[in-house]
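Contents: one structure, followed by commentary.
The values are calculated or read from the model by the stated rules, or taken from the named source; none is laboratory data. Keep in mind that what you see is a predicted model, and the values were worked out from it rather than measured. No Cβ is skipped: glycine too gets one built from the backbone with ideal geometry, and neighbour counts run over all protein chains shown. Heads up: the accessible areas ignore ligands, DNA and RNA and are worked out on the full protein's heavy atoms, side chains in. Shrake-Rupley method; radii C 1.70, N 1.55, O 1.52, S 1.80 Å.
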Amino acid sequence: MDWTRLSKLSAKEIRKLQETKLRTLLAEQIPLSRYYRALFERERIDPRNVRTIEDFRKLPFTSKKDLLPTDENPERSLEFILRPEPKLLREHWPRMRLLGLLARGRAGAIARLEREYRPMFATFTTGRSAASIPFLYSKRDVEVLQAAAARLLSVHGLTREDRLVNLFPYAPHLAFWATALGGLETGSFVLGTGGGRVMGSAATVRLIQKFKASGLVGVPGFVYHCLRRGKEAGAAFSQVRTVILGAEKLPDALRRRIRETLAEMGAKDVAVIGTYGFTEARMAWGECRGGEGGGYHLYPDLAFLEIVDPETGEPRGPGEDGEIVFTPLEGRATTVMRYRTGDLSKGGIVEEPCPSCGRTVPRLSSAIGRKSNVADLRLVKVKGTLVSLDAVAAVLGSFKEVEEWQVELRRANGDPYGLDELVVYAALGNGTPPEAFAARLREAMREACEVAPNRVEVLPLPELLERLGMETEMKEKRFVDLRPKE
Ligand SMILES: [Zn+2]
């Protein structure tokens, strides 16, 4: 549906649209998946009985562990691919749809099914689990991603006149491709640098100037790194008006710092906007311009998002906290249904029109954290205390004099059975006395995280950037856990 029209629908119209789409998904698409056919048979679910959103919200969840390879089935994620076998189509598609498919003869039908279902592109999950899972796209899925990415750019208030530099690492990951494809769809100029490992920050700074980029898109840490390099080099970035950040959590302190650095470089009133997306969704959402922190604007015709109790899985109401659950409404190829993201939303999904732009599409609160799972790296046990790495990052980000930092977890004296040690490496702005800083940091961390660093080591900025792998790694190494795996 046309995005402008969709952005004005009432909550009631949106609900009706989503119910219709969910019914079609369950009746005509989900049965083409081997995984869901088996699941529905096992659980005795007849998808034709699902009529309303409430019915849909009683269906079983899917989670990452359902996709992970097992010894018997090393390519389990392939079971989630929709395969339009003639027998299944005859069984599940309405007569009219089958006749429509055959209207241009057998060859025409095959061409249409290929375009709709045949996998021709993939992005991978980056997760910390050893197995990264490919999510496949058909030609049609790529077009959906393209349309969603174009909407993202329009929500951000970008126009065809904008020139974007895409700083996301060149890889089969959603962020890079969503940005590249979004530009192809809108016709905006988008130049992909491939990120730090491909091009490095010095060349990136030159390109931003050469092409007079008005928008920068990338991972928060690396975008900030390039701005700092640009500032040091005396680059003029006054034409930058939008910074779009994704793929990682955007701490408030970093958002502020990016805006301040750009202001020092002559760029005033810059919108620093966050996005939310994940491989399994094969799309991403963004905050609107002027509505920083005001929630990600959803595409209700392309995906159904819900919030559930992270413990019981019970549905949560509008505006309530809970885990984000995802169902694509137009997905083909690798399709998951009621997928538990493990992401926790504070403030959930609201239906009121956006106070900044007036769009009526539902908004997912900007405050998203990871589920409190001990196995997750965001929450680690240090010296017997559970420590949230997000909280550690927030403390370090709150120190204005800290240019860059890295946290290392290790065992004392390298002894595998020794005590845990938490070491903070920091590069400080000019003139900060290291001892005084270390004392204040210890105090602040003890207060906010219940654990103080064993050692605070102040390093020159280039050395710290090297440690982080800012120019050499796909992803900066902000937290390093050197302790032996248990
Ligand atoms: Zn808005």
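Give me the pairs, please: first residue somewhere in the range 333-357 and touching a residue at least 12 places away in the same chain (Cβ under 8 Å) and crowded, with 22+ Cβ neighbours inside 10 Å, second residue anywhere and in a loop (DSSP other than H, G, I, E, B) and of a type in the set (Asp, Glu), beta-carbon distance under 7 Å, and either six or more positions apart or on two chains.
What qualifies is 345/321; 348/320; 348/321.
Name the residues in the range 169-205 that are modelled with pLDDT under 90 and crowded, with 23+ Cβ neighbours inside 10 Å, would you?
196, the sole residue that qualifies.
Please go through the range 338-353 and give me each residue that is in contact with a helix residue (DSSP H, G or I) (Cβ under 6 Å, 6 or more places away or on another chain) and either part of a strand (DSSP E or B) or within 20 Å of residue 31 (Cα to Cα) (or both), ordered by number.
Of the range 338-353, the ones in contact with a helix residue (DSSP H, G or I) (Cβ under 6 Å, 6 or more places away or on another chain) are 339, 351.
Listed by number, the list holds a single entry, 339.
Among (1) without any contact (Cβ under 8 Å) to a residue 40 or more places away in the chain; (2) hydrophobic (A, V, I, L, M, F, W, C); (3) within 16 Å of the ligand (Cβ to nearest atom), there is one condition residue 270 misses while meeting the rest; what is its number?
Of (1) without any contact (Cβ under 8 Å) to a residue 40 or more places away in the chain; (2) hydrophobic (A, V, I, L, M, F, W, C); (3) within 16 Å of the ligand (Cβ to nearest atom), only one is false for residue 270: (3).
Quick one: is residue 427 among the small types (Gly, Ala, Ser) and open to solvent by less than 10 Å² (accessible area, probe 1.4 Å)?
On the way: among the small types (Gly, Ala, Ser): yes; open to solvent by less than 10 Å² (accessible area, probe 1.4 Å): yes.
Here the answer is yes, as residue 427 does meet what is asked.
Among the residues of the range 212-222, which ones are hydrophobic (A, V, I, L, M, F, W, C) and at pLDDT below 95? Full working, then the answer.
Step one: filter the range 212-222 for residues hydrophobic (A, V, I, L, M, F, W, C), giving 213, 216-217, 219, 222.
Residues satisfying the conditions are 219, 222.
Only one residue in 107, 131 is part of a loop (DSSP other than H, G, I, E, B) and away from the ligand (no atom under 16 Å from the Cβ). Which one? Don't jump to the end; show me each part of the working.
Working: 107 fails: part of a loop (DSSP other than H, G, I, E, B).
Matching residue, one of 107, 131: 131.
Looking only at the range 59-74, decide whether some residue is outside any helix (DSSP H, G or I), touching a strand residue (DSSP E or B) at 6+ places or on another chain (Cβ under 8 Å), open to solvent by less than 100 Å² (accessible area, probe 1.4 Å) and polar (S, T, N, Q).
Narrowing the range 59-74 to residues outside any helix (DSSP H, G or I): 59-63, 68-74.
Then drop every residue that is not touching a strand residue (DSSP E or B) at 6+ places or on another chain (Cβ under 8 Å), which leaves 61-63.
Those still in the list that are open to solvent by less than 100 Å² (accessible area, probe 1.4 Å) too: 61-63.
Right, trim to polar (S, T, N, Q) and you get 62-63.
Yes.
Considering every residue within the range 433-449, establish whether at least one is over 30 Å from residue 171 (Cβ atoms), assigned to a loop (DSSP other than H, G, I, E, B) and out of contact with any Pro (no Cβ under 9 Å at 6 or more places or on another chain). It would help to see each step written out before you state the result.
Going residue by residue through the range 433-449, those that are over 30 Å from residue 171 (Cβ atoms) are 433-449.
Checking the rest, the ones that are also assigned to a loop (DSSP other than H, G, I, E, B) come to 433.
Adding the requirement that they be out of contact with any Pro (no Cβ under 9 Å at 6 or more places or on another chain) leaves 433.
Yes, some residue in the range 433-449 is over 30 Å from residue 171 (Cβ atoms), assigned to a loop (DSSP other than H, G, I, E, B) and out of contact with any Pro (no Cβ under 9 Å at 6 or more places or on another chain).
Could you grab me the full set of residues in the range 273-301 that are aromatic (Phe, Trp, Tyr) and within 15 Å of the ligand (Cβ to nearest atom)?
Filtering the range 273-301 down to residues aromatic (Phe, Trp, Tyr) leaves 276, 278, 285, 296, 299.
Across the range 273-301, the qualifying residues are 276, 285, 296, 299.
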